[in-house]
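Okay, so here's the structure we're looking at.
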Amino acid sequence: MKKSRPVHPDFQCWLDLKSQALIDLFLDLRTYILELYPESNELLYHTHALTAVFSISDKLSNAFCMLPIYTNHFNLGFHKGTLLKDPEHLLKGTGKLIRHIEVKKIADYRNPKVKALLQEAIEFAIADMDKPTKITGETLSKIKKK
């Protein structure tokens with residue numbers, strides 16, 4: 001198994017403030033996403049939530065999923081979740097495009113139904129991209145230094 005890329009130090013300093021259980025779940029889901037699409041770029045933000053966004057380019061508009069971490073929980077979000085097939089009704093939310101799955105345990109995402117949603121989101125993002133990207137497999141921090 002290929003070793004997952006390291007967590008960016010800008011992100012790690014904020015992640016370390018979370019509970020160990022939340023950190024462990026986040027790291028496992030991050031690894032899972034990177035294993036499904038190793039070419040994805042990880043865009044890191046710290047706004048209302050500490051967020052890792054996974055994109056097929058270096059642009060937020062080409063993102064296929066995100067992991068916003070709040071005080072005591074986090075979600076697996078889909079940027080264009082309303083456009084995905086969701087026969088099992090896993091996706092929650094009321095926004096125009098974004099939908100999410102609440103993550104409380106590994107079984108919430110390491111299952112064939114969520115894997116299929118992730119793969120569909122990746123395929124949708126690839127098909128929806130305007131022009132090819134030159135940057136792949138990178139972690140790009142948009143976090144301002146403390």
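None of the figures in this text is laboratory data; all of them are computed from the coordinates on show. Predicted, not measured: the structure shown is a model, and the values here were computed from it. So basically every Cβ, Gly included, is an ideal-geometry build from the backbone, and we count neighbours across all protein chains shown.
Of the chymotrypsin sites (Phe, Trp or Tyr not before Pro) in the stretch 1-79, not one is in a loop by DSSP (not H, G, I, E or B) with at most 11 other beta carbons within 10 Å. Taking a Cβ cut-off of under 15 Å around Leu84, the surrounding Lys, Arg, Asp and Glu residues balance to a net charge of +2, with basic ones at +1 and acidic ones at -1. Note on the chain: dipole from Cβ charges, positive end direction compared against His100, Gln119, Ile69; the farthest Cα belongs to Ile69.
Relative contact order, whole percent, for the chain stands at 28, derived from Cα pairs under 8 Å and 6 or more residues apart.
A Gaussian network model of the chain, with springs between Cα atoms under 10 Å, assigns the largest mean-square fluctuation among Ala116, Ala125, Ala63 to Ala116.
Using a/c under 1.5 as the rounded threshold, could you call the chain rounded, prolate or oblate? The axes a ≥ b ≥ c are square roots of the C-alpha gyration tensor eigenvalues, and prolate needs a/b larger than b/c, oblate otherwise.
Because its axes are fairly even, with a/c under 1.5, the chain counts as rounded.
Seen from every direction in turn and averaged, the convex hull around the alpha carbons of the stretch 10-71 projects onto 4.1 nm². Counted by neighbouring Cβ atoms within 10 Å, the residues Asp86, Asp58, Asp130 run from fewest to most as Asp130, Asp58, Asp86. Extension gain, Ile135-Leu83: 0.36 nm per intervening residue step, less the Cα-Cα distance, totals 16.2 nm.
Go through the stretch 52-146 and name the GluC sites (Glu not before Pro) that are in a DSSP coil and have 15 or fewer other Cβ atoms within 10 Å of their Cβ.
Answer in residue order: Glu88, Glu138.
Largest GNM mean-square fluctuation among Arg110, Arg99, Arg30, using the chain with Cα springs under 10 Å: Arg110.
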